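The values are calculated or read from the model by the stated rules, or taken from the named source; none is laboratory data. This one's a predicted model, so the numbers in the text were calculated from it and none came from an experiment. In this analysis, Cβ positions are derived from the backbone assuming ideal geometry, glycine residues included, and neighbour counts consider all displayed protein chains. Surface accessibility is based on the protein's heavy atoms, side chains included, excluding ligands, DNA and RNA. Shrake-Rupley method; radii C 1.70, N 1.55, O 1.52, S 1.80 Å.
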Amino acid sequence: MDQVAPVPFSIGDFRARVTAQAEVQAGDEFGDHRFNPGHPRLKHIKPLRDAAVLIPVIDHTDGATVLLTKRAEKLRSHSGQVAFPGGTIDPTDPDPEAAALRETFEEIGLDRGHIEIIGRMPDYVSGSGYRIVPVLSVVRPGFSLTLNADEVDAAFEVPLRFLMDPANHARDSRMWNDLEWFFYEMPYGGQRIWGVTAGIIRTLYERLYG
């Protein structure tokens, strides 16, 4: 009997795509440099700092969603920006997955008992000087969140279907030392998803759905 294909943008479909991409060689490093080849800003970001983020895909029966945060306005860097939960990998973290889980709990109180790690994306190098490991996960519904007000102002969900539709991936730019810096932007529900977060989402689309 032929196997029935998973419903598009369901967790079953997402899992199958992650499994398939794991068998593909990572190839070139991903990052902001792909959208800004040869940009002078990229000459000033080494040595890179190691970080990890969790890509939490929530298993809703009517279609998977992705959990994102809005960084606190009071933060000194990247304040008010939409982000994946995550941060710098500490020396005490045994691996990037542990760092992503720790940071996620510290920022939004999402218990790791609801999280299943299912893979990684290739490292993403940001123009701000981080080598980021995007950790792919499936989140079981029924969780509760406790936001750390010092780090996060809000947490919200965006349909995976929306984020994996290239029609929602707009190109934008801003000036950096009189030079243009390009990035992706994906506005949704009054939130501006852009910069590194949008770049990682774009990479996820290219790897799994493109």
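The table below lists the values:
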{"quantity": "Single match in LEU160, LEU147 (criterion: farther than 15 Å from VAL53 by Cα and open to solvent by 60 Å² or more (accessible area, probe 1.4 Å))", "calculated": "LEU147"}
{"quantity": "Residues of the range 123-141 classified as surrounded by fewer than 17 Cβ atoms within 10 Å (Cβ to Cβ) and at pLDDT 95 or above, total", "calculated": "2"}
{"quantity": "Which listed residue, of GLY27, GLY31, is modelled with pLDDT under 95, within 27 Å of TYR209 (Cβ to Cβ) and open to solvent by 50 Å² or more (accessible area, probe 1.4 Å)", "calculated": "GLY27"}
{"quantity": "Residue tally, condition part of a loop (DSSP other than H, G, I, E, B), open to solvent by 10 Å² or more (accessible area, probe 1.4 Å) and in contact (Cβ under 8 Å) with a residue 12 or more places away in the chain, over the range 53-76", "calculated": "6"}
{"quantity": "Residues within the range 123-152 that are assigned to a loop (DSSP other than H, G, I, E, B) and within 15 Å of ALA198 (Cα to Cα), tallied", "calculated": "4"}
{"quantity": "Filter result (among the charged types (D, E, K, R) and over 20 Å from PRO187 (Cα atoms)) within the range 51-71", "calculated": "ASP59, ASP62"}
{"quantity": "Qualifying residue in the range 187-210 (condition: in contact (Cβ under 8 Å) with a residue 12 or more places away in the chain, in a strand (DSSP E or B) and in contact with a His (Cβ under 9 Å, 6 or more places away or on another chain))", "calculated": "no"}
{"quantity": "Among residues of the range 98-122, those that are in a helix (DSSP H, G or I), surrounded by fewer than 21 Cβ atoms within 10 Å (Cβ to Cβ) and acidic (Asp, Glu), counted", "calculated": "1"}
{"quantity": "Residue in the range 163-187 that is nearest to LYS43 (Cα to Cα), counting only those that are open to solvent by 70 Å² or more (accessible area, probe 1.4 Å) and either among the basic types (Lys, Arg) or at pLDDT 85 or above (or both)", "calculated": "ARG174"}
{"quantity": "Residue in the range 34-52 that is modelled with the highest pLDDT, counting only those that are basic (Lys, Arg) and open to solvent by 80 Å² or more (accessible area, probe 1.4 Å)", "calculated": "ARG49"}
{"quantity": "Pair list, Cβ under 6 Å, 6 or more apart: the range 87-101 residue within 18 Å of GLY119 (Cβ to Cβ) and at pLDDT 95 or above, other residue among the aliphatic types (A, V, I, L, M) and surrounded by fewer than 20 Cβ atoms within 10 Å (Cβ to Cβ)", "calculated": "GLU97/ILE117"}
